[in-house]
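I have placed the structure first, in the form of C-alpha cells, so that the comments after it can refer back to it.
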Amino acid sequence: MASLSLSAVPTTPLSSRSSPLFSKTSTHRFNVSCNSSADENPKLILPKSTSLNVDRRNMLLGLGGLYGAASLTNIGSASAFPVTAPDNIADCVAATDGVRDPDKAIRGTACCPPKLSDSIPPDYVLPNFPQLRIRPPAQRVDDDYIVKYRAAIAAMRALPDEDPHSWKQQGKIHCAYCNGGYSLEMNGLPDVKLQIHNSSLFYPFHRWYLYFYERILGKLIGDDTFALPYWNWDNPTGMMLPAMLAPVFDDRGNPNQLLNPLFDPFREVKHLPPAIVDLQYRGTESGLDCIDQINTNLSTMYSQMINQTTDTFFGTNPGDDGKGTPGSIENGAHTSVHIWTGNSKMPNREDMGNFYSAGYDPAFYVHHANVDRMWHVWKGLNPLTNKDPIDDDWLNASYVFYDENRQLVRVYNRDAVDVTKMGYDFEPSRTPWINNRPVARVKASNVAAQSVGVVKKVEEMEFPVKLDQTVKVLVKRPSTKRSEDDKKKANEILFLNGIKYNGQQFFKFDVLVDDVDDGIETTAASSEFAGTFAQVPHGLGGEKMFMTTGRAFVINELLEDIEAEDDEYVLVTLVPRAGADDATVSEIKIQLVPTE
Ligand code: C2O
C-alpha cells in the first residue's frame with residue numbers, strides 16, 4: 001500500500017531570502033518520499049528550484065507591481081448594487097435551480113431555513129474575543145482533538161431537523177445560497193437568483209458560513225475555543241482525505257456513522273486514504289505516480305496563488321444578471337477537491353461533487369477551512385499588493401445566518417476581511433508550492449509564428465467557438481515592446497469571455513499558451529499552462545441548464561518563461577477535459593490592465 005511521509009530539511013538559504021515575499025519558505029525544501037512498499041524508499045527533493053528561477057523571481061520583485069491589484073473591467077457585468085440576501089427568509093423557495101428530475105436529488109431540494117421570528121435580522125456585530133480559536137491542519141491533530149470534534153458533530157447530528165443548528169439545516173445553507181433558494185428581491189430584482197459562487201462573493205460567504213458553523217459546534221460541546229481543522233491539500237503532508245474523516249467499521253465490517261460521525265457514506269471509495277488528491281482532477285484518475293501527483297499539485301497551487309491580481313484571485317462582483325466571474329482557486333483547486341471527493345456512482349456525484357448536496361459531508365467544512373486559509377495566505381504573500389476588493393458593492397454585500405444563539409443576523413463582506421477580528425487564526429503550515437514556478441517545456445521556438453496560415457487568428461474565427469474539441473487560435477498581443485516600467489504599470493491578461501456551459505455537469509478545460517503538438521501532455525508544471533477552468537455542477541440530472549461566466553489569466557510571467565515577450569501573436573489552446581460537449585466561448589483576447 002502506498003504511503004507518504006515527509007520531513008522538512010533546512011537547506012542552504014537562497015539568495016532571494018532578503019525578499020519579504022519569499023523569506024518565509026525559501027530557506028527550506030521538502031524531502032518527500034512516496035513509498036510503494038515499506039522496503040522501497042525513493043526520495044525526491046521538492047521543489048525543483050533552480051538558480052534561474054530564483055534570479056528571475058528577484059528580478060520580478062525588483063520590478064514590483066506584478067503581484068499587484070488591478071481592477072479588471074473586461075469580464076463580468078457591471079454591478080450597481082451590493083448583493084443583499086432577503087430579510088425575510090420565508091421568501092426562500094425550493095432550491096430547484098436546474099433540477100428537472102427531483103427524484104434523483106437524494107438529499108432533497110427543500111433547502112429553506114426554518115423561520116423562528118418575524119423580526120428583521122439585525123446587523124451582526126463582531127464580539128470581542130478573549131482568545132483566538134486556532135484552526136489546525138487536519139493531518140496534525142492529536143486524538144483528544146479528534147474525540148472532541150467527533151463529539152461536536154455527533155451532538156449536531158442529534159439535534160432535531162427543524163433546529164437551525166441541526167446537521168441538516170447547516171447542510172441546507174449551501175443549497176439555498178447556491179441552487180436558487182433566494183432571489184435578489186432586496187436589490188429590486190425578484191426574478192434574478194442570488195448565487196454566491198462564480199464571483200467575488202465566494203470567499204466572504206463561505207468564511208461567514210464556517211464562522212457560525214464553528215461557533216455552533218463549540219457551543220454544543222461547551223468549548224468556546226473550539227476551532228475547525230483545515231484539509232491542508234496544498235501541502236504534501238495533507239494531500240490525502242484527512243484520516244479522521246475515513247470510515248470506522250463496526251463488528252460486522254460495515255462503516256458506521258455512530259462510530260465516526262465525520263464519516264459520510266457518499267464519497268468516492270477509491271479516494272479514501274492513502275489516495276493522493278488530484279488538484280487538476282478531470283473526473284478520471286490521473287495515472288500519475290505519487291511523486292508526480294504531488295509535484296503537479298504544487299505547481300497547480302503556484303499557478304493559482306502566485307501572480308494573481310485582486311480580480312483574478314477573488315473573481316468579480318455579480319452584475320444585474322446575478323452573475324460574476326470566478327477567481328483562480330474557486331475555479332481550480334476548490335472544484336477539483338469537490339469532484340474528487342464526491343461519489344462517482346451516485347446520480348449527482350453526491351455529496352461533495354454537487355453544490356446542492358456538498359454541505360451534507362463533513363469534508364465540505366474541512367475543505368472550505370483550507371479554501372478560507374488560501375485567502376489569508378494570499379494576502380500574507382505580499383501585503384503591499386495582495387489586497388481585498390475595496391469597492392462598496394463588494395464591501396456591503398450581505399447574507400443572513402443563524403448565529404450560535406439561534407438569532408438570525410445579517411453579515412457583511414466588510415466584516416470578514418480579517419480573521420483575527422473574527423476571533424480565529426490558522427496554525428501555520430508550510431506553503432512549499434511557493435517555489436514551484438513552472439518550467440517551459442519548449443523554449444524560444446516562436447510557436448505562434450510557425451502556426452500562421454495553419455491556425456486561424458482570432459479576427460478570422462467565428463464566435464462563439466465550440467469546446468467539444470480542442471480549440472487553437474492565434475491571439476494578438478496589445479504590445480510587444482514592453483519595458484520593465486510598462487510591466488510595472490500594467491498586467492498582460494488573457495480573457496476568455498462568455499464561457500457558456502451546461503451547469504448540470506462537471507465541466508473543465510485547460511488553457512495553454514504556445515503549446516506545441518509533440519505528443520507530450522502539457523501539465524500545470526509547464527510554463528505553457530496558463531490555467532484551468534473547472535466547475536462543480538450546480539444542478540441535477542435531467543435537462544441542460546446553461547450558465548455563462550468568464551475567466552482571466554495573468555500571463556506576464558508565462559510569456560517571460562516561454563520567451564515569447566517579443567512575439568506579436570501567441571497561440572492559445574483550449575483543451576476540453578470534462579463535460580465540454582455543449583460548451584462555447586464567445587470572446588478570446590489579451591489586454592493590458594493597469595495595476596493602479
Ligand atoms: Cu459553496 Cu465549495 O462551495
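In table form, for the structure just shown:
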item: Residue match in the range 375-382 (condition: away from the ligand (no atom under 16 Å from the Cβ), surrounded by fewer than 23 Cβ atoms within 10 Å (Cβ to Cβ) and not in a helix (DSSP H, G or I)); result: yes
item: Residues satisfying the stated conditions in the range 344-363, i.e. buried (at least 24 other Cβ atoms within 10 Å of the Cβ), out of contact with any Ser or Thr (no Cβ under 8 Å at 6 or more places or on another chain) and among the small types (Gly, Ala, Ser); result: SER357, ALA358, GLY359
item: Any hit, the range 118-126, residues being part of a loop (DSSP other than H, G, I, E, B), surrounded by 16 or more Cβ atoms within 10 Å (Cβ to Cβ), among the hydroxyl-bearing types (Ser, Thr, Tyr) and more than 16 Å from the ligand (Cβ to nearest atom); result: yes
item: Those residues of the range 300-343 which are crowded, with 24+ Cβ neighbours inside 10 Å, in a loop (DSSP other than H, G, I, E, B) and either of a type in the set (Phe, Trp, Tyr) or within 16 Å of the ligand (Cβ to nearest atom) (or both), in sequence order; result: PRO318, GLY324, GLY327, SER328, ILE329, GLY342
item: Enumeration of residues in the range 344-374 that are within 10 Å of the ligand (Cβ to nearest atom) and of a type in the set (A, V, I, L, M); result: MET352, ALA358, VAL371
item: Residue count, the range 380-412 (criterion: at pLDDT 95 or above and either among the hydrophobic types (A, V, I, L, M, F, W, C) or closer than 24 Å to HIS338 by Cα (or both)); result: 11
item: Unmet requirement for ARG349, which otherwise passes all of (1) at negative phi; (2) at pLDDT below 95; (3) outside any helix (DSSP H, G or I); result: (1)
item: Residue in the range 407-423 that is in contact (Cβ under 8 Å) with a residue 24 or more places away in the chain, under 19 Å from GLN304 (Cα atoms), surrounded by 18 or more Cβ atoms within 10 Å (Cβ to Cβ) and within 16 Å of the ligand (Cβ to nearest atom) present; result: no
item: ILE173 in the same structural domain as GLY423 (by TED's automatic domain parsing), of a type in the set (Val, Ile, Thr) and under 30 Å from PHE546 (Cα atoms); result: yes
item: Condition met for PHE553 (farther than 17 Å from PHE506 by Cβ, among the aromatic types (Phe, Trp, Tyr) and not in a loop (DSSP other than H, G, I, E, B)); result: yes
item: Residues of the range 183-216 that turn out to be outside any loop (DSSP other than H, G, I, E, B) and away from the ligand (no atom under 13 Å from the Cβ), as a count; result: 15
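Yes/no per residue for (1) touching a residue at least 12 places away in the same chain (Cβ under 8 Å); (2) within 20 Å of GLN304 (Cβ to Cβ); (3) in contact with a helix residue (DSSP H, G or I) (Cβ under 8 Å, 6 or more places away or on another chain):
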| position | (1), (2), (3) |
| --- | --- |
| ARG551 | yes, yes, yes |
| LEU559 | yes, yes, no |
| LEU571 | yes, no, yes |
| LEU574 | yes, yes, no |
| ASP581 | yes, no, no |
| LYS589 | yes, no, yes |
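The values are calculated or read from the model by the stated rules, or taken from the named source; none is laboratory data. For clarity, every value in this text was computed on a predicted model and none was experimentally measured. Positions of Cβ are backbone-derived with ideal geometry, glycine not excepted, and every protein chain shown enters the neighbour counts.
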